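Heads up, the thing below is written out as structure tokens.
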């Protein structure tokens, strides 16, 4: 079914709650997307393939693997695993290699919260670890993806424990990335070997159901693909 999807962001582009409106069409339409302030409009043809990345990545198995890596780093998982789209200039390590991607490129952020208990002379720490994925079409117009980078931030620890906490998290990040790589490969496997002419992202789960809906762009992200 061909639909026009309109997304009205209430808390920033591809961030937080948004209103969605799907309008079906009797005839097929050519893919296009426009952004006008907080309103993102996408004309979606019949041939569109949608990969809802949230449930593909944030599985029970993934959560267990992440929790284990955090325990090894002296931390505990305190949230669900979230999947969100982030434009390249807003990625925290952007200024380290600003030319690594186009300014309009969107990366997929997989993030989760953690808690670290500390000795009595320090304050406990709470923070977030983020793994950034880059999805793209190669020279053969096939879907590819890799872990682009990682980041963490936390509050607490105090002057005597913050350094040790940071060192532990830095040591854990490569292991977290290793766990995410095969999960990403599995998530995009359904598009393997197909040539595409368009790759784009939709907030939420990418539903085509007619009518109005409310979702959270900070928790889920859909990958849209148009076969060549």
Which value, in Å to one decimal place, does the Kirkwood hydrodynamic radius take for the stretch 53-189 when every pair of different Cα atoms is included? 15.8 Å
If we sort 121-127, 143-149 on the protection proxy, mean other Cβ atoms within 10 Å, highest first, what's the order? 143-149, 121-127
Percentage, to the nearest whole number, of Cα pairs in the stretch 6-106 over 23 Å apart: 51 percent
Would the stretch 46-97 count as rounded, prolate or oblate if I go by the C-alpha gyration tensor, calling it rounded below 1.5 in a/c and otherwise prolate when a/b exceeds b/c, oblate otherwise? oblate
Which order do peptides 152-162, 1-11 fall in by mean Cβ count within 10 Å, highest first? 1-11, 152-162
Sorted by average packing, counted as other Cβ atoms within 10 angstrom per residue and highest first, what order do 94-100, 203-209 take? 203-209, 94-100
Using alpha-carbon coordinates, inclination of helix 158-187 to the longest axis of the chain, degrees: 30 degrees
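Every read-out reported here was derived from the displayed coordinates using simple, explicitly stated rules and does not represent laboratory data. Bear in mind the structure is a predicted one, so any value in this text is a computation, not a measurement. We place every Cβ from the backbone using ideal geometry, glycine too, and count neighbours over all the protein chains shown.
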